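Everything below concerns the one structure shown next.
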Amino acid sequence: MVEYSFPIEVLHKMKSPSILCVLVLVSTMSATGPAYSDPTQLKAEPVKALMITGGGYHDYKKQQHIISKGVSARANVKWTIAFENPKSGLPSIYNNPDWAKGYDVIVHNECHAKFKDPEVVNKIVKAHLDNAVGVVMIHCAMHTFRDTSTKEWDKLVGVQSRRHGAKFPIKVVNAKPEHPIMKAFPESWTSPQGELYITNPLEGTIPLGIGGKSDNPKVKKQVCVWASTYGKTKTFGITLGHHNVTVEQKAYLDLLSRGILWTCGKLGDDGKPKKGYGALAK
């Protein structure tokens, strides 16, 4: 369910009760709208997802809609989208100490690689941990804060990554087909386009997908899909996502949807959404 995408400057001019009233109003307006393929769907509160997106080098303006609409066609997810391209520093949403409150999952599809302030980075990570939210890291979120001295962001992400290779279609091999996120993923899938990030999984991180170049075995394979836990916070990560043509693929959006549900406990062991969290009826 894509209910509304609020300009971030509007969100922060509002007081918290005002934001709540607007969200409740929009939710009420849409409550009688879509029908669900799962009759129990209407009895479940939607997963409340915050997508923080924007920054350089990527088409975040379009991707915010590709992702939110694509996921909501597959899972019972209600989105708040904070899209901003700051000329310097970080998106203004991080200025609010309560920015992570009230959400079930935070989706990071942003790129702020040059930001270094370790104190600010530590506070951002702490907000995830304190609010016990699920975390999803897409593509350049791995390179966000890559030059800071603190390692807290890496711990939240689940891998270290500082660079990527050339652009080419990436063959993703299912490395853990028994994992709920990967049960419906094929034995392998090749993206139309991609950047193969150089990744170093941290201790405890579970590699789910291994990426490489199918026509060049000399290219070193890399973990490109994974699941990890930091404290009680579950993270799903995927390094693919530079190109819109890849993000809009069925296999990509199916995988991303399962990852989102897994981080907040709404994906069953069978790899299917739990009752009330399945797809919208077509």
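The values are calculated or read from the model by the stated rules, or taken from the named source; none is laboratory data. Keep in mind that this is a model prediction, so the values were computed, not measured. Positions of Cβ are backbone-derived with ideal geometry, glycine not excepted, and every protein chain shown enters the neighbour counts.
Points to keep in mind about this one:
- Condition check for Thr205: surrounded by 19 or more Cβ atoms within 10 Å (Cβ to Cβ), under 17 Å from the mean Cα position of the chain (by Cα), among the polar types (S, T, N, Q) and under 19 Å from Asp154 (Cα atoms): yes
- Residue check, Thr148 at negative phi and in contact with a Ser or Thr (Cβ under 9 Å, 6 or more places away or on another chain): no
- Scanning the stretch 134-145 for residues that are in contact with a Ser or Thr (Cβ under 7 Å, 6 or more places away or on another chain), surrounded by 24 or more Cβ atoms within 10 Å (Cβ to Cβ) and not small (Gly, Ala, Ser) turns up Val135, Val136, Met137, His139, Met142.
- Residue check for Gly231: of a type outside the set (A, V, I, L, M), under 17 Å from the mean Cα position of the chain (by Cα) and within 27 Å of Ala127 (Cα to Cα): no
- Residue in the stretch 148-189 that is farthest from Ile124 (Cα to Cα), counting only those that are small (Gly, Ala, Ser) and in contact with a strand residue (DSSP E or B) (Cβ under 9 Å, 6 or more places away or on another chain): Ser188
- Among strands (runs of 3 or more DSSP E) entirely within the stretch 61-176, having at least 3 residues that are touching a helix residue (DSSP H, G or I) at 6+ places or on another chain (Cβ under 8 Å) and under 30 Å from Lys275 (Cα atoms) singles out 77-83, 105-111, 134-138.
- Any pair with Cβ under 7 angstrom, 6 or more apart, that starts in the stretch 122-146 at a residue that is under 16 Å from His112 (Cα atoms) and ends at one that is among the acidic types (Asp, Glu) and at pLDDT 95 or above: Asn122/Glu152; Val125/Glu152
- Among residues of the stretch 183-214 being in a loop (DSSP other than H, G, I, E, B) and out of contact with any helix residue (DSSP H, G or I) (no Cβ under 8 Å at 6 or more places or on another chain), the one that is modelled with the lowest pLDDT is Ser214.
- Matching residues, the stretch 39-61, being farther than 30 Å from His112 by Cβ and either modelled with pLDDT under 90 or buried (at least 16 other Cβ atoms within 10 Å of the Cβ) (or both): Pro39, Thr40, Gln41, Leu42, Lys43, Ala44
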